[in-house]
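Each remark here refers to the structure printed beneath this line.
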Amino acid sequence: GAASAEVAERPPARPDAADDDAFPPLSSTQGPVKRGTGGCDGPGAEVFPCPLPNHPGRRAGDLAEDAELCNELASALESGSCDSGEALRWILPELLPLSLAPLSCRVIQKLLEYTGGHDRDLLADALIPHMVTLYESRHGNYVITKVIEVMPSTALRPIIDRIRAKHTVVARHRFGCRLLERLIEHATEEDMGELVDQYVAEAEDLCRHQFANFVIQHLLEHGSEDRKARIVRRMLPTVRHLSQHRTASHVVQRALANCSPQDKCELVQAIVGSRPRAVAELAATRYGSFVVEELLSIPFAAEHVIRCLREAPESLKQLPAFVRMAAACGLGPPAPARADVPAPAPAIAEPAGERADAPVRSSAVSWGATEVYVIGDR
């Protein structure tokens, strides 16, 4: 609930996720032949014939540039009209370059999805040694994360072992954070324990990073209660500052939404503080206002927060962030938009983990006799 409310108003701009739609859609002699280059097999490995009967003589490397061929093979794998083992043997010599290409990477994902048993293990074993190359690629990262999704959780240890030595580098990478999210979801607690503990120890620093913050958010959502509590302990000393940080405020919200009642209580006490005005001051900041929204969703904190907001000085109530928060939480009805407000500017994607500004708009909220208009609430 908290996460969906956040996304509706100001999702973390993740161009690496938004660019999914920018990937090109999958539309637009029999017997072994000489292999291509750049595959995952050893030198001199055979290339088997194309498994599609309508395309005799086609090389697997053609998938990298032929959308129609990719589309036909993907459909055949889905329908079962193409033997996945034959497709694997045809693709294997060109596996790595095909995994890195925008068109054919989706075929490799289909192959992982519809291949089982020994063939699936063979495909994964050929990809895992190239894990770094794959996760650093705009297209290849989808292939290695698909490996994590389809393989048994007990078979993911080789990937985890490759990450451990450079765990911070992977977490701070634009696509590496995706890899870690999938591992947190699918790997066993036993295998991930040492790696997760490294991230917990660095949680306060990582939650400020535009990409690594997603790893900490995922641990707060999927991790054990003990590790969630340890992350909260790392955040408590600076939680008011984190609540006003462009990226870290997302992590604070996730902690408030997913941690135990005891941890929530400690977070609320640290955020609210001993001064009634502290809540209003936080609500008047651009990113802290979203944390205050999250506080209002916690039953034991809502009444106190509302009282602090209603008693806030008029100078704070008139600030744009405070007005936006009040309208979003139903503490003041929005007035009709003013006619003289310019049309919204086109949205421009910001770096992943950053917050993209919402379209410019006008709203008004009544606080007693004062009516405040705000233009450009983000």
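Just a yes or no: is a residue in the range 305-316 out of contact with any strand residue (DSSP E or B) (no Cβ under 6 Å at 6 or more places or on another chain), modelled with pLDDT of 90 or more, closer than 27 Å to N213 by Cα and assigned to a helix (DSSP H, G or I)? Yes - at least one qualifying residue is present in the range 305-316. Restricting the search to the range 161-188, which residues are open to solvent by 10 Å² or more (accessible area, probe 1.4 Å) and either in contact with a strand residue (DSSP E or B) (Cβ under 7 Å, 6 or more places away or on another chain) or hydrophobic (A, V, I, L, M, F, W, C) (or both)? Matches in the range 161-188: A165, V169, F175, I184, A187. A search for C-beta distances below 8 Å between a residue of the range 173-185 that is farther than 15 Å from L206 by Cβ and any residue that is part of a loop (DSSP other than H, G, I, E, B), counting only pairs 6+ apart in sequence or on different chains, returns F175/E136; F175/S137; F175/R138; L183/L156. What are the residues in the range 271-304 that are of a type in the set (S, T, N, Q) and assigned to a loop (DSSP other than H, G, I, E, B), if any? Answer for the range 271-304, where residues must be of a type in the set (S, T, N, Q) and assigned to a loop (DSSP other than H, G, I, E, B): S274, T285, S297. For first residues located in the range 39-56 and aromatic (F, W, Y) and assigned to a loop (DSSP other than H, G, I, E, B), partners that are surrounded by fewer than 20 Cβ atoms within 10 Å (Cβ to Cβ) and modelled with pLDDT under 65 and lie 6+ apart or on another chain with Cβ distances below 9 Å form the pairs F48/G31; F48/P32; F48/V33. Of the residues making up the range 241-252, those that are open to solvent by 10 Å² or more (accessible area, probe 1.4 Å) and either at pLDDT below 95 or under 20 Å from the mean Cα position of the chain (by Cα) (or both) are H245, R246.
Taking the criterion of being in contact with a Cys (Cβ under 7 Å, 6 or more places away or on another chain) and under 11 Å from V143 (Cα atoms), the only residue of the range 107-129 that qualifies is V107.
When you check L282 against the structure, is it among the hydrophobic types (A, V, I, L, M, F, W, C), touching a Ser or Thr at 6+ places or on another chain (Cβ under 8 Å) and buried (at least 24 other Cβ atoms within 10 Å of the Cβ), yes or no? It is true that L282 is among the hydrophobic types (A, V, I, L, M, F, W, C), touching a Ser or Thr at 6+ places or on another chain (Cβ under 8 Å) and buried (at least 24 other Cβ atoms within 10 Å of the Cβ). Scanning the range 61-109 for residues that are of a type in the set (K, R) and surrounded by fewer than 22 Cβ atoms within 10 Å (Cβ to Cβ) returns a single hit, R89.
Residues checked against (1) modelled with pLDDT under 95; (2) in contact with an Asp or Glu (Cβ under 6 Å, 6 or more places away or on another chain); (3) open to solvent by 50 Å² or more (accessible area, probe 1.4 Å); (4) more than 16 Å from E294 (Cα to Cα):
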| position | (1), (2), (3), (4) |
| --- | --- |
| E190 | yes, no, yes, yes |
| D205 | no, no, yes, yes |
| K228 | no, no, no, yes |
| R254 | no, no, no, no |
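Assess whether G223 counts as being open to solvent by 10 Å² or more (accessible area, probe 1.4 Å) and at positive phi. Criteria not met by G223. The requirement of being farther than 24 Å from P320 by Cα and surrounded by fewer than 17 Cβ atoms within 10 Å (Cβ to Cβ) is not satisfied by S297. Taking the range 256-268 as the range and being part of a helix (DSSP H, G or I) and either touching a strand residue (DSSP E or B) at 6+ places or on another chain (Cβ under 6 Å) or under 16 Å from L295 (Cβ atoms) (or both) as the test, the residues that pass are L256, A257, N258, P261, D263, K264, C265, E266, L267, V268.
The values are calculated or read from the model by the stated rules, or taken from the named source; none is laboratory data. These numbers come from a predicted model, not from an experiment. Every residue, glycine as well, gets a Cβ built from its backbone with ideal geometry; the counts of neighbours run over all protein chains shown. The area values use the complete protein model at the heavy-atom level, side chains included, leaving out ligands, DNA and RNA. Shrake-Rupley method; radii C 1.70, N 1.55, O 1.52, S 1.80 Å.
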